[in-house]
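The next block holds one structure in the form of C-alpha cells; read it before the comments.
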Amino acid sequence: MSYQITLKQILSAAFLILAANSAVAGDFTLTGGIRERFETLDGMNKKAYGNDPSLIGRPDDRLLVSRLKLGFVYHVSPDIQFTAVGYYASVYGWSLEYDDFKKRSGNETYWMDPQEDFDFVALNLKVNHLAGIEGLSARVGRESNRYGDKRILGPGSWGNSYGWLWDLAKVSYKFDGNFVDVFYGQTKDKDKHRLSLFRKHVYEGAGIYSHFVTAVHGAVEPFIVYKNGLYNGAGNGQNTEKSYTYGVRAYDTDLFGFNYDVTYAKADGTIKTKDYDAYGYAAKVGYRFKSVRWKPNLVVGQIYASGDDDPNDNTVKTFRTPFGGTDGSLYGRMDIMKWSNLVENVVELHLDPEADMHLKLSYHDFSLADANDAWSYYKKYNTNGNHEDALGQEYDAEFTWHYAKDLEFQAIYAYFDAGAFVTKNVSDNNAQRLFLQVTYTLQN
C-alpha cells in the first residue's frame, strides 16, 4: 500500500486532535514537538567511507533534517490509557537513494531507511491494575521498547526513523522503585513509501528486562532477549538468526562522588547455518568534582565486542547487539561504529557552565577486536595481506543548552583521524561532521 502525506493532511490531523482535546479536557493530553537539524558530512556518509567519487552517494552532503512529531495520550479511565503518536520526517540534500537501503533475505525484499517519511512511534493501549494487582500492567501495540542506556534494547532517536520500533505485547510489574517487564513482539521495517501498519515485520523478539534498586544507591538490570529473523528462505539471508542475549547492567550516578555504568552481555544461538557464540561489555567509571567550578565529571572506560578470528569455521564469534541503539550517542558522534568486533577506549569530560547548559568533550580510540573480522559498520575487511586493527581516533565536542522548558539548542562537532586499517584497506582520508540542532517540545 502506497502512502503519501502532505502538509495539509498534517495540519488537518493537528486540528482534529486539538478539537478532541477541547471536547474531553482533563482526560486528553497532547504530545509532540519539532526538531530541525543542519548537518555537514565530510569524507563519509551513511553507506560508504571515503572521498572516492565511485562510492555510494557523496562524501560531502549538506543536509537539513526535519522531524515533526504529534500525538496524544487519552485516559479512557483511571486504569486504561490509549497513546497515539505519529511523526513526519524529511531530509533535504541527501545524495543517497531509496534503493540504497534495500535488503534481501531469501526471496524477501524489505527496506531499512534511516530517514523514513511517515510512521507511528507509538500506537498502543495500556491497562493498569491488571487483575486488580497494584503495580501490574499490560500494554499492547506499537512501542519503542527502550531500556537502560539503550545498548541492549532501544531504538536510538538521533535518526529520523527512531531505529527499532516494535508491535508487541508487554506485561510489567512495578514495586518499590523496581520493575520486571516481560514482552513479545516483532520489529517493523522502514520503508519511506509505505505506512508500516500495512507492511512487513523483520524480526521476532521476546525478553525479560528488569530493574532493581541496590541497597547502596545505584541499580542492577538483569536481562535476557530472544531474537529470531523472520526471513529464513533459501538464499543469501540478511537476518537469518535465532539467538539469545543475556547479561546484566549495573550503574550508579553518584556513589560518594563516583559514577559508573557497566554492562556485560553474552550471546548464544545460531546465525544462518552456524553456531553463534559471542560476548560484549561496556564499562565506564567517573568522578565528579562537585566543589570545582562547572562541576567537571571525568569519565574513562572501555567498550568491547568480540570479533571472529576465523570467519570460515562453523562458529560466529562476532558479537552484535540484539535490538540496541547504534547511533552516535553510544559509539562516537561520527556514527561510523557499532557494538560489533570493536575495542573502544574512551575518555569523557562533562562540564556544566550553567544550570541549563552542558558541555561534553570526548576522545575515542577505536580498533578491531580481531583483525580477521570486519569493520562492522561498513562491512570492510583487511585486504592484500594486511593485518591491521587500528580504526582511528575520534574527537567530539557536544554542547547542549536548555534555553527554556520546551526549547533546546544543540551543537556537535566530531573529527575522525583514520587509523592504519582504514587508510590501507578503505580510504586514505580523515572525516568530520557538524550538527546544529533546535528542538521544540510541546508542553500541555
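The values are calculated or read from the model by the stated rules, or taken from the named source; none is laboratory data. From a predicted model like this one, the values you see are computed outputs, not experimental measurements. Every residue, glycine as well, gets a Cβ built from its backbone with ideal geometry; the counts of neighbours run over all protein chains shown.
Data for the structure
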| read-out | value |
| --- | --- |
| Top-ranked residue of the stretch 67-101 - restricted to ones that are in a loop (DSSP other than H, G, I, E, B) and not small (Gly, Ala, Ser), ranked as farthest from the chain's Cα centre (by Cα) | 78 |
| So residue 215, is it within 20 Å of residue 150 (Cα to Cα), of a type in the set (A, V, I, L, M, F, W, C) and out of contact with any Leu (no Cβ under 9 Å at 6 or more places or on another chain) | no |
| Residue in the stretch 346-360 that is closer than 23 Å to residue 48 by Cβ and free of Cβ contacts under 8 Å to residues at least 60 places away in the same chain present | no |
| Filtered residues of the stretch 209-231 (kept if modelled with pLDDT of 95 or more and hydrophobic (A, V, I, L, M, F, W, C)) | 212, 213, 219, 220, 223, 224, 225 |
| Number of the exception - residue 385 against (1) over 26 Å from residue 245 (Cβ atoms); (2) surrounded by fewer than 20 Cβ atoms within 10 Å (Cβ to Cβ); (3) at pLDDT 95 or above | (3) |
| Failed item in (1) within 22 Å of residue 324 (Cα to Cα); (2) in contact with an Asp or Glu (Cβ under 9 Å, 6 or more places away or on another chain); (3) not charged (D, E, K, R), with residue 205 passing the rest | (2) |
| Neighbours by Cβ (under 8 Å, 6+ apart or cross-chain): first from the stretch 417-430, touching a residue at least 40 places away in the same chain (Cβ under 8 Å); second of a type in the set (Asp, Glu) and not in a loop (DSSP other than H, G, I, E, B) | 430/417 |
| Residue match in the stretch 22-38 (condition: modelled with pLDDT under 95, surrounded by 13 or more Cβ atoms within 10 Å (Cβ to Cβ) and part of a helix (DSSP H, G or I)) | no |
| Residue match in the stretch 130-145 (condition: in contact (Cβ under 8 Å) with a residue 60 or more places away in the chain and under 23 Å from residue 81 (Cβ atoms)) | yes |
| First in the stretch 197-223 and farther than 14 Å from residue 177 by Cβ, second anywhere and outside any strand (DSSP E or B) and of a type in the set (Gly, Ala, Ser), Cβ under 8 Å, 6 or more apart | 209/148 |
| Some residue of the stretch 103-113 being at pLDDT 95 or above, part of a loop (DSSP other than H, G, I, E, B) and in contact with a strand residue (DSSP E or B) (Cβ under 9 Å, 6 or more places away or on another chain) | no |
| Odd one out for residue 50 among (1) within 22 Å of residue 434 (Cβ to Cβ); (2) modelled with pLDDT under 95; (3) more than 23 Å from the chain's Cα centre (by Cα) | (2) |
| Selected residue (criterion: nearest to residue 36 (Cα to Cα)) from residues of the stretch 402-439 that are among the aromatic types (Phe, Trp, Tyr) and surrounded by fewer than 17 Cβ atoms within 10 Å (Cβ to Cβ) | 409 |
